[in-house]
Amino acid sequence: MNTNKARVIALYLPQFHPVPENDKFWGKGFTEWTNVAKAKPLFRGHNQPRIPADLGFYDLRLPEISEAQAELAKEAGIEGFCYWHYWFGNGKQVLDMPFERTVNSGKPDFPFCLGWANHDWTTKTWEKGKGRSKDTMIFKQEYPGDEDYIMHFNQFLKAFKDDRYIKVDGKLLFLVFNPFGIPDVKHFTELWNKLAKENGLEGFHFVASNSAPKLKLDSTTSSFENDYKKKIEGTRALGFDAVMTSNQKNAELKVAGKFKKILNSVIRRFMPSLYVEKYSYKKIIENLYTNLDKRNDVYPQLLAGWDRSPRSGRKAIVYYGTTPETFKYAAEMAVKQVENKEPDHKIIFLNSWNEWGEGAYMEPDLEFGKGKIEALAEVLDIKKV
């Protein structure tokens, strides 16, 4: 579904079904719900635990859940899901079942693309367990070379040829979480484009997840944006066609001020039981975007919320006050960034569809029901059927 206002593509987490790797390190049956259900409020008015409503504590092994998710996303005006996939090198994957079933079954009939979550898996990924060492490696992200890049491409060739795959200017949209982690990234992008064309495809529209440079509060807006512009252009030079921006840290710094932000970080690291670092969601949104988000090759994020306390406890950063009303304001701000772009480039990455452990989700909960879904539909002018 491509509205005239924006192409909203929702990041999708497949961590809602048991896998042997999680059973081994976290206990049999572990999924993201394990963290979500045990969350506790950390300050007065803190909305935890978040309890799912319409879909319940679902299990992605059930195909009807994927169908229901797609129907809800359509109601919101979301164009498609960007499924995070985990390819660690040497053919090693994990949490691949939901996307593989989507491709092989043809259901749900809903657009998709892929995001490569190319980072190590350690016990810090879902935070340390009781009695567990601080940081134990589960999977090391490796880049063995061309043979593995080709294997990776071929693993998803059927998906790339699927009519549901989301395209930009006729090319396959492919998001990379850590572009600078790939040691020969320009060679990787060139090789995949070559493989795509050899298989009758137009090539890839590579998007790099790209955090803004650290803001110096004494710098001018123009100097900060010049630094950010150089970083974006440096990323483009590596073979990427666009970047997905991330400016949360700088928004926090603007809201808190330099001294308080430093103090917050020290307390959160060394004395987490004394304090919770928290920010008004609305104020974060007011400081999230820059003029660079209006570029054709820059895709802003729309935050559905932020609260990692289900994973991290008091070490988390919490954005409070996320309601359908404040989310609607955020959606309006995000749409404003893309309103003058070329139609194919009016992309907004929604963070996220179902990151319940980070408080970044669109799915209905007991407190607000489908409030965020209805708010986004209203901003995008989606008519109820």
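Miscellaneous remarks
- Beta carbons closer than 6 Å, at least 6 apart along the sequence or on distinct chains, pair a first residue in region 171-195 that is open to solvent by 20 Å² or more (accessible area, probe 1.4 Å) with a second that is in a strand (DSSP E or B) and not small (Gly, Ala, Ser) for 171/204; 171/205; 193/204.
- Matching entry among 208, 212, 242, 256 (being surrounded by 15 or more Cβ atoms within 10 Å (Cβ to Cβ), without any contact (Cβ under 8 Å) to a residue 40 or more places away in the chain and closer than 24 Å to residue 345 by Cα): 208
- Against the conditions (1) closer than 21 Å to residue 52 by Cβ; (2) buried (at least 20 other Cβ atoms within 10 Å of the Cβ), residue 369 satisfies every one except (2).
- Only a single item in (1) closer than 30 Å to residue 27 by Cβ; (2) at pLDDT 95 or above; (3) in contact with a strand residue (DSSP E or B) (Cβ under 9 Å, 6 or more places away or on another chain) is not met by residue 156, and it is number (1).
- Of the listed requirements (1) within 19 Å of residue 34 (Cα to Cα); (2) open to solvent by 10 Å² or more (accessible area, probe 1.4 Å), residue 60 misses just one: (2).
- Note on region 307-332: residues that are farther than 14 Å from residue 277 by Cα and among the charged types (D, E, K, R) total 4.
- Here the condition is being open to solvent by 10 Å² or more (accessible area, probe 1.4 Å), over 30 Å from residue 277 (Cα atoms) and part of a loop (DSSP other than H, G, I, E, B); of 42, 72, 55, it holds for 55 alone.
- Any hit, region 284-292, residues being under 30 Å from residue 173 (Cβ atoms), out of contact with any Gly (no Cβ under 6 Å at 6 or more places or on another chain), among the acidic types (Asp, Glu) and exposed (fewer than 14 other Cβ atoms within 10 Å of the Cβ): no
- In region 92-126, the qualifying residues are those that are touching a residue at least 12 places away in the same chain (Cβ under 8 Å), of a type in the set (Lys, Arg) and in contact with a Lys or Arg (Cβ under 9 Å, 6 or more places away or on another chain), and the one that is least open to solvent (accessible area, probe 1.4 Å) is 101.
- Matching residues, region 120-139, being under 14 Å from residue 88 (Cβ atoms) and either among the acidic types (Asp, Glu) or modelled with pLDDT of 95 or more (or both): 120
- Check on residue 166, β-branched (Val, Ile, Thr) and farther than 18 Å from residue 232 by Cβ: yes
- For region 75-88, a residue qualifies if it is within 23 Å of residue 162 (Cα to Cα), in contact with a helix residue (DSSP H, G or I) (Cβ under 6 Å, 6 or more places away or on another chain) and either open to solvent by less than 10 Å² (accessible area, probe 1.4 Å) or polar (S, T, N, Q) (or both), and the qualifying residues are 77, 87.
- Top-ranked residue of region 270-283 - restricted to ones that are in contact (Cβ under 8 Å) with a residue 40 or more places away in the chain and in contact with a Lys or Arg (Cβ under 8 Å, 6 or more places away or on another chain), ranked as surrounded by the most Cβ atoms within 10 Å (Cβ to Cβ): 276
For every residue, the table says whether it meets (1) at pLDDT below 95; (2) part of a strand (DSSP E or B); (3) in contact with a Leu (Cβ under 6 Å, 6 or more places away or on another chain).
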residue	(1), (2), (3)
313	yes, no, no
318	no, yes, no
325	no, no, no
341	no, no, no
348	no, yes, yes
377	no, no, no
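The values are calculated or read from the model by the stated rules, or taken from the named source; none is laboratory data. Bear in mind the structure is a predicted one, so any value in this text is a computation, not a measurement. A quick note on method: Cβ atoms are made from the backbone with ideal geometry, for glycine too, and the neighbour counts reach across all protein chains shown. All accessible areas refer to the heavy atoms of the entire protein, side chains included, with ligands and DNA or RNA removed. Shrake-Rupley method; radii C 1.70, N 1.55, O 1.52, S 1.80 Å.
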